[in-house]
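Written out below as structure tokens is the structure these notes cover.
The values are calculated or read from the model by the stated rules, or taken from the named source; none is laboratory data. Note that the structure is a prediction, hence the values are computed from the model and not measured. Positions of Cβ are generated from backbone atoms using ideal geometry, with glycine treated the same way; all protein chains shown enter the neighbour counts. With ligands, DNA and RNA removed, areas are computed over all heavy atoms of the protein, side chains included. Shrake-Rupley method; radii C 1.70, N 1.55, O 1.52, S 1.80 Å.
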Amino acid sequence: MCGRFTLLTPWEELLRTYDAVSEIESLEPSYNIAPTQQIAAIIHDGKKRKLGSLRWGLIPPWAPDKKIGSKMINARAETLQEKRSFKKAFQKQRCLIPADSFYEWKTEDGKKQPMRIQHKDKTPFAFAGLWEKWQDDDGSSICTCTIITTEANSFMQQIHHRMPVILPANSQAIWLDRNEQDTETLQQILEPFSEELTAYPVSTLVNSPRNNREELINPL
């Protein structure tokens with residue numbers, strides 16, 4: 001799964017990297033992004049890419065209660081076409097979620113050691129995501145998202161059996177294209193990341209979302 005990640009890349013750099021316009025002024029850099037928080041996300045409105053924010057934890061439009069979002073932070077790539085919660089969004093409402101590292105917990109001697117995983121050259125990357133708009137009975141609405149996961153690649157298998165889908169640059173345009181609704185074509189790009197990653201252990205302070213400071217990414 002993917003339950004925590006970081007985004008320290010400056011807003012202006014993200015706009016350049018993903019050729020997007022900003023929907024909001026910025027988001028504060030975060031060393032410990034956690035579910036239910038507002039996170040940076042990129043969608044395509046049919047004319048251009050927009051970098052804005054979505055709440056992490058997808059709430060399907062049919063959900064009677066927004067609390068379901070806290071249980072839907074991830075969506076398995078293998079079952080997107082089957083699950084009612086994700087089927088429509090997979091076909092029509094996809095997004096990129098920029099990050100520059102993510103955390104995963106490796107079990108060692110019965111204990112869970114948090115690991116920080118990065119691209120080997122430490123550049124930002126993009127998770128494949130889905131988004132939805134949910135409306136409350138009072139008329140207010142919330143735009144939410146989920147991060148898609150897949151089987152771990154050979155590198156990640158030593159840490160965990162699952163990993164977030166990280167889309168290479170040549171797949172991002174297809175993923176954001178609202179006219180692309182062939183789910184078989186889309187399914188083919190949801191593969192384990194093939195580029196080189198690196199990982200190192202960090203403090204268990206990252207276990208609590210209340211902790212969000214530079215100390216969290218320091219190697220042990």
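Sort through Leu15, Leu8 and tell me the only one that's hydrophobic (A, V, I, L, M, F, W, C), surrounded by fewer than 18 Cβ atoms within 10 Å (Cβ to Cβ) and within 25 Å of Ala152 (Cβ to Cβ). Quick ask: steps written out before the conclusion?
Numbers: Leu15 fails: within 25 Å of Ala152 (Cβ to Cβ).
That would be Leu8, the only listed residue that is hydrophobic (A, V, I, L, M, F, W, C), surrounded by fewer than 18 Cβ atoms within 10 Å (Cβ to Cβ) and within 25 Å of Ala152 (Cβ to Cβ).
State which residue is farthest from Thr9 (Cα to Cα) when the search covers only the range 94-115 and only residues that are buried (at least 18 other Cβ atoms within 10 Å of the Cβ) and among the charged types (D, E, K, R). Filtering the range 94-115 for residues that are buried (at least 18 other Cβ atoms within 10 Å of the Cβ) and among the charged types (D, E, K, R), the one farthest from Thr9 (Cα to Cα) comes out as Arg94.
If you check Thr150, Thr198, Thr183 for being in contact with a helix residue (DSSP H, G or I) (Cβ under 7 Å, 6 or more places away or on another chain), among the β-branched types (Val, Ile, Thr), surrounded by 13 or more Cβ atoms within 10 Å (Cβ to Cβ) and modelled with pLDDT of 95 or more, only one passes: Thr150.
So which residues in the range 49-72 are surrounded by fewer than 22 Cβ atoms within 10 Å (Cβ to Cβ) and either more than 23 Å from Tyr18 (Cα to Cα) or free of Cβ contacts under 8 Å to residues at least 24 places away in the same chain (or both)?
So in the range 49-72, the residues surrounded by fewer than 22 Cβ atoms within 10 Å (Cβ to Cβ) come out as 49-50, 52-53, 55, 60-68, 70-71.
Within the range 49-72, Pro60, Pro61, Trp62, Ala63, Pro64, Asp65, Lys66, Lys67, Ile68, Ser70, Lys71 meet the criteria.
Would you check which residues across the range 30-45 are among the β-branched types (Val, Ile, Thr) and either open to solvent by 50 Å² or more (accessible area, probe 1.4 Å) or within 16 Å of Ile174 (Cα to Cα) (or both) and list them? Lay out the reasoning, then the answer.
Taking the range 30-45 first, the residues among the β-branched types (Val, Ile, Thr) are 33, 36, 39, 42-43.
Scanning the range 30-45 gives Thr36, Ile42, Ile43.
Taken as a whole, the structure leaves Thr144 outside the set of residues that are crowded, with 18+ Cβ neighbours inside 10 Å, closer than 25 Å to Lys120 by Cα and within 17 Å of the chain's Cα centre (by Cα).
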